[in-house]
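K.L.:
Here it is: the structure, laid out below.
The values are calculated or read from the model by the stated rules, or taken from the named source; none is laboratory data. Everything numeric here is computed off the predicted structure, so don't read it as measured data. Backbone-built Cβ (ideal geometry, glycine too); neighbour counts: all protein chains shown. The protein model used for the area step is the full one, side chains on, heavy atoms only, and it has no ligands, DNA or RNA in it. Shrake-Rupley method; radii C 1.70, N 1.55, O 1.52, S 1.80 Å.
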Amino acid sequence: MSHHLDSPAARQDVRLDITDFHVFRGERGTVFVLNVNNSIAGADAPRGFHHAGRYEFGIDTDADARQDLTYRFTFGAVGPDAGQPWTLHRLTGDQSRDEDATSEVATGNAGKEAAGSTGERIWVGRAGDPFWIDHDVLAAVGEAFGHGERVDLSGWDRSTAANLFAGQTVHSIVLEIPDEEVLQQTGGTHALGTWAVSILATDAGGWRQIQRAGHPMFHPLFSQHDPALGDRYNSTQPEQDQELYTCPCR
């Protein structure tokens, strides 16, 4: 799922702007990928991951839209060699929803593969942006939806389509969780729900969720004329979606 520039809050600091969230079959288990900080923001944008932020993969194992397993990444400051230390915590059960819980399973540095104490494989670093989208199509969809009209692509030529993110890079977190670990958490079933979030520490001492990835690309495609809607989508939890966003009509 792509979430480039998904809300005003995310655009304030591209280190917290989740650009992509991928889940796929790996060599030993299930791979989760979270990308942030697209280079399209320019050379003056801060590099790496936010040292006062958190990046989490939430995994729901019993279909109640609440995480039962959380993998939480935190980061130190970017070094002069562009390296950046990170720490991974694995939280289960009620702790997976606890902002203050800790359970360290791995540490490492950007650009080097590492292993977790419960079988995880981790790589963090800079990579090419995998997303592809044509700006003219994106704009046309947003205009049509905002004005309640049909999408007009009469002036668009497929042969001249161009990728808005061609040649750009992202900062990526790649986590592979072994099959036995996932199956233990799901009780042997092969179904799970998952999402990713970026969270920032607040001046009051708590935490503010900046972005949630894993839902469709609602805001960039369909709500370009309603910036506040993007912030609302990204600040809520999956368990709230049905109450907040489904149509009450029958």
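K.L.:
ALA52 versus (1) surrounded by fewer than 19 Cβ atoms within 10 Å (Cβ to Cβ); (2) over 17 Å from the mean Cα position of the chain (by Cα): which is the lone unmet condition?
P.N.:
Going through the list (1) surrounded by fewer than 19 Cβ atoms within 10 Å (Cβ to Cβ); (2) over 17 Å from the mean Cα position of the chain (by Cα), ALA52 breaks only (2).
K.L.:
Of the numbered conditions (1) modelled with pLDDT of 95 or more; (2) out of contact with any Leu (no Cβ under 8 Å at 6 or more places or on another chain); (3) surrounded by fewer than 15 Cβ atoms within 10 Å (Cβ to Cβ), ALA110 fails exactly one; give the number of that condition.
P.N.:
(3)
K.L.:
With the requirement that a residue be open to solvent by 20 Å² or more (accessible area, probe 1.4 Å), among the charged types (D, E, K, R) and outside any loop (DSSP other than H, G, I, E, B), what does segment 175-212 give you?
P.N.:
ASP179, GLU180, ARG208
K.L.:
So is ALA63 on the phi > 0 side of the Ramachandran plot, assigned to a loop (DSSP other than H, G, I, E, B) and at pLDDT below 95 or not?
P.N.:
yes
K.L.:
Here's a follow-up. Report, by residue number, each residue of segment 24-59 that is among the acidic types (Asp, Glu) and part of a strand (DSSP E or B).
P.N.:
Matches in segment 24-59: GLU56 only.
K.L.:
Return the residues of segment 93-102 that are surrounded by 15 or more Cβ atoms within 10 Å (Cβ to Cβ) and either among the acidic types (Asp, Glu) or in contact with a helix residue (DSSP H, G or I) (Cβ under 7 Å, 6 or more places away or on another chain) (or both); say none if nothing qualifies.
P.N.:
ALA101 - this is the single residue of segment 93-102 that is surrounded by 15 or more Cβ atoms within 10 Å (Cβ to Cβ) and either among the acidic types (Asp, Glu) or in contact with a helix residue (DSSP H, G or I) (Cβ under 7 Å, 6 or more places away or on another chain) (or both).
K.L.:
Separate question: Residues VAL105, VAL78: which one is in contact with a Gly (Cβ under 8 Å, 6 or more places away or on another chain), of a type in the set (Val, Ile, Thr), part of a loop (DSSP other than H, G, I, E, B) and open to solvent by less than 80 Å² (accessible area, probe 1.4 Å)?
P.N.:
Residue meeting the stated conditions: VAL78.
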